[in-house]
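Written below as C-alpha cells is the structure these notes are about.
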Amino acid sequence: MKLVKLHDLYFKEFISAEEISTIVASLAEQVQNDLPKKEVPFFIGILNGCFVFTADFLRQYKGDCEMSFVKLASYEGTTSTEKVKNLIGLNEDLTDRTVVILEDIIDTGTTLQEIYEIFKTKNIKELKIATLFYKPDVYRKELPINYVGKSIEDKFIVGYGLDYKGYGRNLPAIYQLTTQPKMKNIVLFGPPGAGKGTQAEVLKEKYNLVHISTGEVFRFNIKNETELGLLAKTYMDAGDLVPDEVTINMLKEEVNKNADAAGFIFDGFPRTQSQAEALDAFLAEKGERINGMVALEVPEDLLVERLLERGKTSGRTDDTDESKIRNRFNEYNTKTAVLKDFYEAQGNYYGVNGVGSIEDITQRLSEVFDTL
Ligand code: AMP
C-alpha cells in the first residue's frame, strides 16, 4: 500500500484521483440539472481546501456561471475547532443571485453555519450548498446541504486541496490518516514438534526480534508456582489448551514488557481463532500488525517421533506420554490448524518445508523472513 508522510504522520490512499473526478463530474451535473434553465449561478469556493475541487467542478459545469473565492478557515491540526474566522474576499454584489457554495468537506457544520449567517445579510435569491465530502457521523447542525459528492466516515483526510498543517494539498488523491508500523511481527507456526522453538532461538538473533513462546512462559510460571502457573498446569499436563482469556492476557503482558522491541516472533501463539483475532486487535491499537505467519510443515508421524525423542531430555511430561502427544495433535488439528485459513485470507500465510537439518530449515525460513 502506498503511504505518504506529511510532517510526523502517515497517510494511506483512500479515494483515488479517478474516483474523485467521477464524483466531481456527477456533482456538477446534479447542480446544473437542479437549477432553473436560464439561471446563471454564482459559485463561491471556501478557501483554502476547496481550490482544487472548485477548479475541477467549474470545468465540469457546462452552463454559464460566475465564481469567486472567499476565505473562512476553521481547521487547525487534525480536529475541527469551534472558532471560525470572518469572511474575506467577497467584493461582488450578489443581490438576487443564486449562490452555490462549494465546500471541500463538511464535518461538524460549524463553518456551514457561519456561511448561512453571512449570506442571510446579502439579499441573495437563494443559497445552495454543494460539498465534495460530508461526514454524517459528526455533523451536528440542522442546516440543509443540497448536494453531497460522497459521505465518508469520521477520519482525518488530506489531499486534493485538503491539508495537514499546510502539507498535502498537492496530492491528486485523497489520503486517510494511518500509522506507519515500526515492528516486524511474525507468527512462527506449526504443530507440536515442528521445530518452532529451535528455529525461533536462531531467528530472533538474526533479525533482532523478541521471541515469545507461550508454552515457555507457562512452564516458567509452573516452575515458579505462580498463580498463573497453577492455573495452566492442569491443562498443560493433559495436553489441552489453556483457556483463551488467560493466554491472551498473558501474551499482552509479555508484549507490553518489551515495548521497545523491533518486533516479535510469536511461537505457540495464536493457537485459536479468537487468539488470532485478539492479537490482530491488540497490535492494531499500537499501529502494528502481523507481517506474516510462517508455518513449518512436517508430517505427523515424524512429529511424534521427534517429540518422543525430545521427551528423553526435555523434562516435559507432555512429551513423554504418547496419549498426551496425541491429544496435543488433536487440539492442534481441531482448534489451531484453521489459523492457516485465517492468515491465508489476509494474504499472510507462508508455508515452509520443515523436514531437514536445522540449518537448512533456518535458511528456508530466512528467505521468507527477508521478504516480510
Ligand atoms: P508448547 O510449548 O508451545 O508446545 O505449549 C505447551 C502447552 O502450553 C500446550 O500444550 C498448551 O497446554 C499450553 N499453551 C501454550 N501456548 C498456548 C496457547 N497459545 N493457547 C493455549 N494453550 C497454550
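The values are calculated or read from the model by the stated rules, or taken from the named source; none is laboratory data. Here the structure is a predicted model, which means the values were calculated and not measured. Positions of Cβ are backbone-derived with ideal geometry, glycine not excepted, and every protein chain shown enters the neighbour counts. Ligands, DNA and RNA are excluded from the accessible area calculation, which covers all protein heavy atoms including side chains. Shrake-Rupley method; radii C 1.70, N 1.55, O 1.52, S 1.80 Å.
Of the residues K37, K335, K182, the one that moves most in a GNM of the chain with alpha-carbon contacts below 10 Å is K37.
Ranked from largest to smallest solvent-accessible area, with a 1.4 Å probe on the protein heavy atoms, T179, T313 come out as T313, T179.
On the protein heavy atoms, probe 1.4 angstrom, tell me the percent of accessible surface of the chain carried by carbon and sulfur.
Its accessible area is 48 percent carbon and sulfur atoms.
Accessible surface area normalised per residue over the chain is 50 Å², counting heavy atoms of protein chains with a 1.4 Å rolling probe. Placing S314, S323 in order of accessible area, with the largest value first and a 1.4 Å probe, yields S323, S314. Annotation: lysines with alpha-carbon distance below 26 angstrom to K5 (same-chain offsets under eight excluded): K135, K150, K155, K165, K182, K184, K286. Here the translational diffusion coefficient of the chain follows from Stokes-Einstein with Rh set to the Kirkwood radius across Cα pairs; for 20 °C and 1.002 mPa s it amounts to 86 µm²/s. When the chain is treated as a GNM with alpha-carbon contacts under 10 Å, the residue of L87, L162, L203 showing the greatest mean-square fluctuation is L87. Accessible area per residue (1.4 Å probe, heavy atoms of protein chains only) ranks V202, V99 as V202, V99, with the largest value leading.
In terms of the mean number of neighbouring beta-carbon atoms within 10 Å, the peptides 9-18, 209-218 order highest first as 209-218, 9-18.
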